[in-house]
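Read the figures in this text as sums done on the coordinates, not as results from a lab. Just so it is clear, the structure is predicted and the values come from calculations on it, not from any experiment. No Cβ is skipped: glycine too gets one built from the backbone with ideal geometry, and neighbour counts run over all protein chains shown.
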Amino acid sequence: MPELDIYLLCHNRPELAKKAIDSILQQKYQNFNLTISDNSTNDEMQTMVSSEYPNIRYIRRKPSVPAIDHFNQCLQDISLEYFCLFHDDDIMLPEYTESIHLFTQTYPETIAFGPNALIELNGKIEEKTSFSANTSSKSISTPQDLLKVYFGRYQSGIAPFPGYVYKTKKIGSLKFTTLGGKYSDVIWLLQIISKSPITWITKPLLMYNIHGDNDGLKESLNDRLKFLGFLKQNPSFSNKRLTADYRFFIYKKVLGSKTAITHPRRIKRIRAFMRNYRLCRFFRFEEYLDMFKKHNLQKL
């Protein structure tokens, strides 16, 4: 019996989706079910699937729904022990499902596995992978640990969101939220790691595609501020240092943005925070320890 539900989330990109489908079908380990979940606003994807992949399970979301709702609709349909919400513009490398299977057997209590990735940026493959590690896997046990690799200083990258595989039973009734805007995927990961540890797999198992049509190259200060608001309202997910690191990161962008309209008093408070942050940073031992760790990883 298959153990992995793979949902390929599609939206108006049949040419890219075809490459993603083929990469899934070419997996060395075939113990999975594939469902194409089509959230397109036109019929091009449906036509392509019916013509070229008539035997693959296909679901049309009609009318089209927001991306977060699309995620949640797929969650309602999961039936197997593990599931993946893969994106139509990424590519599974041939050993993806095989490696995931081996890790699920080794770490049965892990709630999610996030593999490393080769990065294709506007058609060119980058030299560095999505993250660096000096072991075959990396366990992340708390929301604070996860936030640190996302927003702390001197970090070595992250596992890209589309590659995650989740343990269905441990996810339970959890759903995606819109509270973080385009960064709601981080809120999702914070919520699941509150239940059980996450494991990152150092071996690249997918090709993560960053291009002009996805969110990877688009900045949203409003959504970053939404996410900061979420952290302030949920202090158990963060700590003062991590929140300060993230505030500093955002405020640099606010001050550097020509379109950000901010009251003069707010600008004054932001500048005061940044001066105090820089001063405190130089007296933190952890600052230099993180710098040392990242320097060593860059030598790998």
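Reducing the range 145-178 and the range 86-141 to their Cα centroids gives an inter-centroid distance of 12 Å. Ranked from largest, the principal axis spans of the Cα set of the range 45-140 equal 45, 36, 27 Å. Given N residues in the chain, what is Rg(Cα) / (2.2 N^0.38 Å)? Relative to the 2.2 N^0.38 Å estimate, the chain comes out at 1.05. For Ser50 and Leu279, a Förster radius of 51 Å and the Cβ-Cβ distance give a FRET efficiency of 0.20, rounded to the nearest 0.05. With both residues required to sit in the chain, DSSP beta bridges show an antiparallel share near 35%. Peptide packing: for 15-22, 221-228, the average count of neighbouring Cβ atoms within 10 Å per residue gives the ranking 15-22, 221-228, highest mean first.
Viscosity 0.692 mPa s, temperature 37 °C: give me the Stokes-Einstein translational D for the range 1-86 in µm²/s, with Rh taken as the Kirkwood radius over C-alpha pairs. Calculated translational D: 250 µm²/s.
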